[in-house]
Amino acid sequence: MDAQQGSPTGRALLQGRSRRIAVLVVLIAFFMDILDGTIVNVAIPAIQGSIGADFASVQWIVAGYALTFALFLIPGGRLGDIYGYKTMFLIGMAGFTIASAFCGFSTTANGLVFARLFQGAAAAIMVPQIMSTIQILYVDPKERQHISAFYGAIAGLASVLGPIIGALLVAGSLFGLGWRMIFLVNVPVGIFALVAAWFALPSAKSPHPLKLDLLGTALALIAMSMLAFPLIQGREFGWPTWGFVMIALSVPMFVLFAWSQRRRDAIDGSPLVVPSLFGYRSFLVGILICGTFFGVVGGFFLTQSLYMQLGMGFSVMEAGLTGIPFSLGVSVAAGLSGPILVPRFGRLVLTVGAFTLAAALVALGLTAGHFGKAITPWELIPSLILGGIGMGLIVAPVFNFVLVDVPVRHAGSASGVVSAMGQVGTALGVAITGVVFFGRLAVTDNDYVSAFQWGTGFAALAMVGIGLLTFLLPRYARPQEGAALH
């Protein structure tokens, strides 16, 4: 395969200024995706007031994006391998931009939910092409390590700025659009990225792509929907019998999905999930940790925003700025954990991080109970900093521990599964935490303090479970040589 067609092996397709422009384009797209995942929570109360979204719709607005992102992430990567990374990036970015416009102009809760589902699916097509493009632009291991660090920094920056930008856009109400601007801001940026990508990105695809696993994708979609739908909608319908039946039936659907993956692996070696990965204890335990961890974080951020704005009467700017101490804690701890703490203390860093975050969640609940309606953002800061430190100790090094025993030939597939599992965890975390939080609101006549305490208590128990699971990981993690960037 020549340079015009592109190849993920051999020399980098672009050099110098052309390469810098190309990587800037895909990093802008990556920033948009991460930002979109963190910007929404702070705007949820405004969305509720504007279009009358009930609590189930609120959960779908957050969890729906993560759910479709998770389900189509691995197929999205396959499409790039087959049809070309540039082609699928353009399709994904166009879909993401159109979906953002639909989100911004939605006048009903159902319309916004469906637009968010579409947006997540489009992001799942776009994001794998970002990773693949970086791989073919930077073939030298040292250069790739450098851009990988920059990639991580972009993710951290977007996570920190998300709540702040969201608060500014909602409070500023540019053109009188209010919360709609958190979605509409993607439109001009997306159009710019599309034009720039058309001219700047190289045409490349895999010389030996794996086939699409349409049956596996369909089974995963059905199984996840059967689990998530009753968890989110059950409360609104009074927990009917059919909801519990759906949850029970999701189990054999997941079993059927696992069978399909083994069969597909035996036929042509192109399953969504390589079954042999689950033979490695570090991988199996690691994805349980990742899924639970991102579920805790996703559920906490949603309930915290509702508690502060609807329960305590914080302004949207106060709620957005309250996220800064947490983000600072994450940044400092993440910066120290990977290069300094993990090489010396190994998995103990993850253990300490899990118990630290659990302690912070308990402290937040106790603080909320102590101050009641008189609470201000200042009383929350110490616990938020502590929680950020706990998260930072986990989020930076955890992926190396998950992949430590995975053979290099499966590193890319394993990384895709871990990324998808994080999104699945977010979706289910929002759903399950919502059962606790909104259920408590219902039985206490909208006592947000009590609901927040129950939510943080539930999350703290989950983090204790993660802390115990870390003892099943290898003591130390070694970097994977040649592992794919994810």
- Item | Every residue from the stretch 306-335 that is touching a Pro at 6+ places or on another chain (Cβ under 7 Å) and among the small types (Gly, Ala, Ser) | GLY320, GLY323
- Filtering the stretch 431-464 down to residues that are of a type in the set (Val, Ile, Thr) and closer than 23 Å to LEU386 by Cβ yields THR433, VAL436, VAL449, THR456, VAL464
- Only one of (1) assigned to a helix (DSSP H, G or I); (2) surrounded by fewer than 23 Cβ atoms within 10 Å (Cβ to Cβ) is not met by GLY387, so which one is it? (2)
- Looking at THR107, THR97, which is the one that is under 18 Å from PHE30 (Cβ atoms) and of a type outside the set (Asp, Glu)? THR97
- Query: Only one residue in VAL418, VAL424, VAL395, VAL406 is in contact (Cβ under 8 Å) with a residue 40 or more places away in the chain and over 15 Å from GLY291 (Cβ atoms). Which one?
  - Reply: VAL406
- When you go through VAL435, VAL402 one by one, which is the residue that is hydrophobic (A, V, I, L, M, F, W, C), under 24 Å from the mean Cα position of the chain (by Cα), assigned to a helix (DSSP H, G or I) and crowded, with 24+ Cβ neighbours inside 10 Å? VAL402
- Looking at the stretch 308-321, which of its residues are in contact with a Ser or Thr (Cβ under 9 Å, 6 or more places away or on another chain), part of a helix (DSSP H, G or I) and over 16 Å from ILE47 (Cβ atoms)? GLU318
- Mind listing just one residue for me: the one in the stretch 183-210 that is modelled with pLDDT of 90 or more and of a type outside the set (A, V, I, L, M, F, W, C) and, of those, surrounded by the fewest Cβ atoms within 10 Å (Cβ to Cβ)? PRO188
- Task: Considering each residue of the stretch 223-244, count those that are within 24 Å of the chain's Cα centre (by Cα) and surrounded by fewer than 16 Cβ atoms within 10 Å (Cβ to Cβ), and give that number.
- Result: 1
- When you go through PHE438, PHE471 one by one, which is the residue that is closer than 25 Å to VAL342 by Cα, touching a Lys or Arg at 6+ places or on another chain (Cβ under 9 Å) and not hydroxyl-bearing (Ser, Thr, Tyr)? PHE471
- Considering PHE401, PHE438, which residue is under 24 Å from LEU302 (Cα atoms) and touching a residue at least 24 places away in the same chain (Cβ under 8 Å)? PHE438
- Query: Yes or no: GLY372 closer than 30 Å to PRO339 by Cα and either in a helix (DSSP H, G or I) or in the same structural domain as PHE244 (by TED's automatic domain parsing) (or both)?
  - Reply: no
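Here's the yes/no breakdown for (1) over 30 Å from GLY77 (Cα atoms); (2) of a type in the set (A, V, I, L, M, F, W, C):
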site: LEU380; (1), (2): yes, yes
site: SER383; (1), (2): yes, no
site: LEU393; (1), (2): no, yes
site: VAL417; (1), (2): no, yes
- Query: Only one residue in LEU210, LEU201, LEU221 is under 25 Å from GLY64 (Cα atoms) and not basic (Lys, Arg), so which one is that?
  - Reply: LEU221
- All positions within the stretch 172-208 that are assigned to a loop (DSSP other than H, G, I, E, B) and out of contact with any Ser or Thr (no Cβ under 9 Å at 6 or more places or on another chain): SER173, LEU177, HIS208
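The values are calculated or read from the model by the stated rules, or taken from the named source; none is laboratory data. From a predicted model like this one, the values you see are computed outputs, not experimental measurements. Note that we place each Cβ from the backbone using ideal geometry, even for glycine, and neighbour counts take in every protein chain shown.
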